Amino acid sequence: MRLTKTFIKTLRDAPKDETATNGALLTRAGYIHKELAGVYDYLPLGLKVIENIKSIIREELNALGCEEVSMAALQNPEPWEATGRWLSEKIDIWFKTEVSSGGELGLAPTHEEPMVNMLKTYISSYKDLPLYVYQFQNKFRNELRAKSGILRGREFLMKDLYSFHTSEEDLDRFYAEVEKAYGRIFARLGIGDCTYEAFASGGIFSKYSHEYQTFLPVGEDTVYYNNDRSVVLNKEVYNDEVLADLGASKEKFEETTAAEVGNIFKLKFKYSEPLGLKYIDESNEQKTVYMGCYGLGVSRVMGVIAEKFADDKGLVWPDTIAPYKYYLVGIGEKGTDAAEKFYKTRENEVLYDDRDKRPGEKFADAELMGIPLRVVISDKTLADDEAEITERKTGKSWRVKIDELMQKF
């Protein structure tokens, strides 16, 4: 990308109604545009970050044998009525609309019901199971508090995975595989050392579920953790009964705030029973399918990472999800010529600031955008046949030979 060829411009100030750090910085740096509270557009830089996050998740899920689909956002009330979740009194975050020919449709806040309803067409025998199906899709939730940038949106991108099994033992096996996969995903996203699997209420499904909580000062959840952080508990289950189950002592726990970036549930028959998802087993008997669900907030993760690593100069992206590896600046006639050559060798990796601006302004935008490495090629550095590289994360700078830059970096 050349900055002279894109409509994106950095902003000196964030919108006055954007109070969250992630929302303010992502807006100023040209990653997102705010439509209204809790609703954002993703601009070219922001979309590249989203796609990089999705790529990591997709690789890990595909390695488990999961299959990707894309389901409709508009929802038929019938399957939701069967589970009792169509009524706004039960689910108070619905966006619903009247159909011109009569009746109502909803915008999906999640996809358990339509996923089960769809798979009734394709699951009939034990030979069809186990089955793991996931998607990346925008969800719609009429949140009362949509004021945390992209950490809590009314429209947001989510990865939702659903698994289907013949037995609870097989559900447990796959659940454990997903736990490990989530650990790898968060490590690859750069937040593995601050994201923990926390015990939470399993609701009516099971005694416990698991949330993935990233410790964050502006997080909306309260969690408790022990000294080595091997046990983390959501506030809702921080009680004597749970601590006794875990063999833990209350005085050894500390409190902090965190942002939930994922959750996983063993649903068992919660949705398959009322919707009639059955299979014929080896004895020719009809059985109900066991089910699990596994969510991960893609746009939310982006906001958490923006919030977690930002400094007083701007965003700081981990290498694995940054929109580009290099922010390139050429200074002087010879420096600009050499920068052009470097850019042409790896256009997909380089954000080239070829604007007619002062170097200081370009450097400030490089820091605001958070690209991992800034490469400066100037007449001055070329006098030594070198370029200067600065790491955004640490601020450390060093020189490399031009030949090495072209070949190695």
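Structure summary
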{"read-out": "Whichever residue in the range 207-226 is buried (at least 16 other Cβ atoms within 10 Å of the Cβ) and hydroxyl-bearing (S, T, Y) and, among such residues, is nearest to K266 (Cα to Cα)", "value": "S209"}
{"read-out": "Test: residue in the range 162-172 that is surrounded by fewer than 21 Cβ atoms within 10 Å (Cβ to Cβ) and under 24 Å from E236 (Cβ atoms)", "value": "yes"}
{"read-out": "Breaking point among (1) surrounded by 13 or more Cβ atoms within 10 Å (Cβ to Cβ); (2) over 26 Å from F309 (Cβ atoms); (3) in the same structural domain as M158 (by TED's automatic domain parsing), for R2", "value": "(3)"}
{"read-out": "Qualifying residue in the range 374-393 (condition: at pLDDT below 95 and among the β-branched types (V, I, T))", "value": "no"}
{"read-out": "Single match in R141, R229, R154, R188 (criterion: within 22 Å of I56 (Cβ to Cβ) and either within 16 Å of the chain's Cα centre (by Cα) or in contact (Cβ under 8 Å) with a residue 24 or more places away in the chain (or both))", "value": "R188"}
{"read-out": "Qualifying residue in the range 335-346 (condition: over 16 Å from L3 (Cβ atoms), in contact with a Leu (Cβ under 8 Å, 6 or more places away or on another chain) and among the charged types (D, E, K, R))", "value": "no"}
{"read-out": "Restricting the range 232-252 to residues that are surrounded by fewer than 18 Cβ atoms within 10 Å (Cβ to Cβ) and either outside the structural domain of F186 (by TED's automatic domain parsing) or of a type in the set (S, T, N, Q) (or both), the residue that is modelled with the highest pLDDT", "value": "N239"}
{"read-out": "Close pairs (6 angstrom Cβ cut-off, 6 or more residues apart or separate chains): crowded, with 16+ Cβ neighbours inside 10 Å in the range 327-340, polar (S, T, N, Q) and in a strand (DSSP E or B) anywhere", "value": "I331/S378; G332/S378; G335/S378"}
{"read-out": "Members of the range 155-197 found to be assigned to a loop (DSSP other than H, G, I, E, B), of a type outside the set (V, I, T) and either touching a strand residue (DSSP E or B) at 6+ places or on another chain (Cβ under 6 Å) or on the phi > 0 side of the Ramachandran plot (or both), listed by number", "value": "G190, C194"}
{"read-out": "Spans of helices (runs of 4 or more DSSP H) in the range 1-115 with at least 3 residues more than 24 Å from the chain's Cα centre (by Cα) and over 24 Å from A322 (Cβ atoms)", "value": "77-83"}
{"read-out": "Filtered residue count, the range 276-285, keeping only those that are touching a residue at least 60 places away in the same chain (Cβ under 8 Å), assigned to a loop (DSSP other than H, G, I, E, B) and out of contact with any Leu (no Cβ under 7 Å at 6 or more places or on another chain)", "value": "3"}
{"read-out": "Residue match in the range 98-121 (condition: in contact with a His (Cβ under 7 Å, 6 or more places away or on another chain) and farther than 21 Å from V304 by Cβ)", "value": "no"}
{"read-out": "Within the range 247-263, considering residues that are among the hydrophobic types (A, V, I, L, M, F, W, C) and out of contact with any helix residue (DSSP H, G or I) (no Cβ under 6 Å at 6 or more places or on another chain), the one nearest to Y162 (Cα to Cα)", "value": "A258"}
{"read-out": "Options R145, R229, R188; residue that is surrounded by fewer than 20 Cβ atoms within 10 Å (Cβ to Cβ), touching a helix residue (DSSP H, G or I) at 6+ places or on another chain (Cβ under 9 Å) and not hydroxyl-bearing (S, T, Y)", "value": "R188"}
{"read-out": "Residue list for the range 155-186, restricted to those being touching an Asp or Glu at 6+ places or on another chain (Cβ under 8 Å) and of a type in the set (A, V, I, L, M, F, W, C)", "value": "A181, I185"}
{"read-out": "Filter pass, L64 being surrounded by fewer than 16 Cβ atoms within 10 Å (Cβ to Cβ) and in contact with a Phe, Trp or Tyr (Cβ under 7 Å, 6 or more places away or on another chain)", "value": "yes"}
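Conditions tested, residue by residue: (1) touching a residue at least 60 places away in the same chain (Cβ under 8 Å); (2) farther than 27 Å from A20 by Cβ.
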| site | (1), (2) |
| --- | --- |
| E211 | no, no |
| V218 | yes, no |
| N234 | no, no |
| V242 | no, yes |
| A248 | no, yes |
| N263 | yes, no |
| P274 | yes, yes |
| K287 | yes, yes |
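The values are calculated or read from the model by the stated rules, or taken from the named source; none is laboratory data. Keep in mind it's a predicted model, so treat the numbers as computed, not measured. Cβ atoms come from the backbone with ideal geometry, glycine included; neighbour counts cover every protein chain shown.
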